[in-house]
Every structure is written in structure tokens, then in C-alpha cells.
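J.: Pasting a structure here, questions to come.
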Amino acid sequence: EADIYQTPRYLVIGTGKKITLECSQTMGHDKMYWYQQDPGMELHLIHYSYGVNSTEKGDLSSESTVSRIRTEHFPLTLESARPSHTSQYLCASSETRTAYNEQFFGPGTRLTVL
Amino acid sequence: GDSVTQMEGPVTLSEEAFLTINCTYTATGYPSLFWYVQYPGEGLQLLLKATKADDKGSNKGFEATYRKETTSFHLEKGSVQVSDSAVYFCALSGPNTGNQFYFGTGTSLTVIP
């Protein structure tokens, strides 16, 4: 059973606020990812990590930042939220040892910035 | 570079109809191929996968065969149910993708009673 958690599930916040979206997994996976999903459903990779103290930017430029201090935890932070940040954010993880790198996804956080 | 091209939606079918969602890929080497499903308000779940040519992935009545000659991985189900209404994503990952996934744009399926 894949266990990857995201909190909050829904967040409505005003412009200019700092927010942190939490993502945790209990599978011991070394790789973790953040995707932004637009209303047209397409997924865009915004950040990924190959392990503790490793973070990289993805294909879609994002004003958010991430950290990976513990293997199981990969939070995403927006220092100053704007309406353009309104989206669904999905966290995922995978392990290196499998040949095909199946990704396991959390339930997502739907963020609305007013 | 590596990529996935997925049939555009939305797709609307009557219950018990046959479903095909087309997916073709471009990749160097030999990627693994996946179908994920996303139900409303949820994250993505792995539906099925295939790791080499001619492999057939199957789950919950869905099937897809890894066709290297046509670079395709079409999703099929013989008789859809209302509960199959969701968004379906084709994806690939392989040794030449830096272990990252390339997702298709998603196909929304609605099954009506």
C-alpha cells in the first residue's frame, strides 16, 4: 500500500501570504516530485529531489521553493502567494531500485489565492 | 527528446461500450510505459504498466500492450462502467529520461448510464 500524504487538501488564502504545502511519504523512497496541474489537467513538473539535501527545478518555472531535510518530507513553500499560483499541486515519490521507477502520488492540494 | 502523445478528449461513452484511448510515444532506448488514472478530487493512481516490448499490462478490466513497432501503448476496456469516469494519463520513464516521467496531456472519460 502506497502511503504518501499531502496537507492541507484545500487552501484558500489571500494575496501576499506565505504558505507551505506539506508532503510526506512512509515508503522510504529516495526520489520525490512536485507537479502543478492546470485546469486543463496537464501535469507540469516544478521540483524534484533525488535524496536528502538534493533539490532541482523541473520543466515549468515556478516561484515556489522546496527543501529535503529528511527522506520522508518534501515541503513546498510560496513566500508570497499570488492569484497566478492558484492550481492543484501534486506530490509524488519513487524509489531508485526498481527498473521502471513507478511514481506514487499523494491526493493533492488545491490552492486558491484570492 | 522523449515524449508522449495522447488522444485528446473529452470522451463520452455509454455504459458497457468499448473504450480505446490512444497513446504513442517517442523515446530513445527502451522506456517503461504506464497508464495512470485520476478520479475527481484525487491524485493519480497507477492503473497498469509494461516494461518491455510485447508486454501486456492489465488491471480492473483495462489492458494495454507495449508495441515497439508502432511506438504505441493504447488503453482498452471491453465494457466500461460509470465508475470508470476519470482522467487517464499515459506516461513513460526510462534510462534516457533521467528517471523522470513524461506524462501525456490526459484524456477525460465520462461514462453515462
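J.: Pairwise over distinct Cα atoms, reciprocal of the mean inverse distance: report the Kirkwood radius of the protein assembly as shown in Å, one decimal place.
T.: It is 18.1 Å.
J.: Hey, got the Cα dimensions of chain B along the principal axes, in Å, largest first?
T.: Principal extents (Cα only, largest first): 43, 28, 21 Å.
J.: Name the residue, out of B:Thr70, B:Thr51, B:Thr20, whose mean-square fluctuation peaks in a Gaussian network model built on chain B with Cα pairs under 10 Å.
T.: B:Thr70
J.: Okay, moving on. Tell me the total accessible area that A and B bury against each other, 1.4 angstrom probe, in square angstrom rounded to 100.
T.: 1700 Å²
J.: First measure r as the distance between the Cβ atoms of A:Leu11 and B:Lys52, then evaluate 1/(1 + (r/R0)^6) with R0 = 35 Å and state the FRET efficiency to the nearest 0.05.
T.: 0.25
J.: So, one more: For the pair A:Asn53 and A:Thr112, how long in nm is the line joining their label points, each one 7 Å along Cα→Cβ?
T.: Modelled inter-label distance: 4.2 nm.
J.: Right, next: Picking from A:Glu63, A:Glu22, A:Glu42, which is most flexible by a Gaussian network model of chain A using Cα springs under 10 Å?
T.: So, out of A:Glu63, A:Glu22, A:Glu42, the one fluctuating most is A:Glu42.
J.: For chain B, which whole-number percentage of the solvent-accessible area (1.4 Å probe, protein heavy atoms only) is attributable to carbon and sulfur atoms?
T.: C and S fraction of accessible area: 48 percent.
J.: With a ≥ b ≥ c taken as the square roots of the eigenvalues of the C-alpha gyration tensor of segment B:41-107, please select rounded if a/c is under 1.5 and otherwise prolate if a/b is larger than b/c or oblate if it is not?
T.: Oblate is the answer for segment B:41-107, as a/c is 1.5 or above yet b/c matches or exceeds a/b.
J.: While we're on this one: Loop only by DSSP, 15 or fewer other Cβ within 10 Å of the Cβ. Give me the trypsin sites (Lys or Arg not before Pro) in segment B:61-95 that pass, ordered by residue number.
T.: B:Lys68
J.: Also, I was wondering about something else. Taking 25 Å as R0, compute the FRET efficiency from the Cβ-Cβ separation of A:Leu60 and B:Ser83 and round it to 0.05.
T.: That pair, A:Leu60 with B:Ser83, gives E of 0.20.
J.: Still on this model: Hey, in the GNM for chain B with a 10 angstrom Cα cutoff, which one of B:Ser72, B:Ser83, B:Ser32 fluctuates hardest?
T.: Of B:Ser72, B:Ser83, B:Ser32, the Gaussian network model singles out B:Ser83 as fluctuating most.
J.: Spelling out what I want: for every residue of segment A:43-50, take phi, set θ = phi - 60°, compute 6.51 cos²θ - 1.76 cosθ + 1.60 (Karplus), and round to whole Hz; glycine and proline get x.
T.: 9, 10, 6, 10, 8, 8, 9, 9
The values are calculated or read from the model by the stated rules, or taken from the named source; none is laboratory data. As the structure is a prediction and not an experimental result, all values here were calculated from the model. A quick note on method: Cβ atoms are made from the backbone with ideal geometry, for glycine too, and the neighbour counts reach across all protein chains shown. We work out accessible area using only protein heavy atoms, side chains counted, and drop any ligands, DNA or RNA first. Shrake-Rupley method; radii C 1.70, N 1.55, O 1.52, S 1.80 Å.
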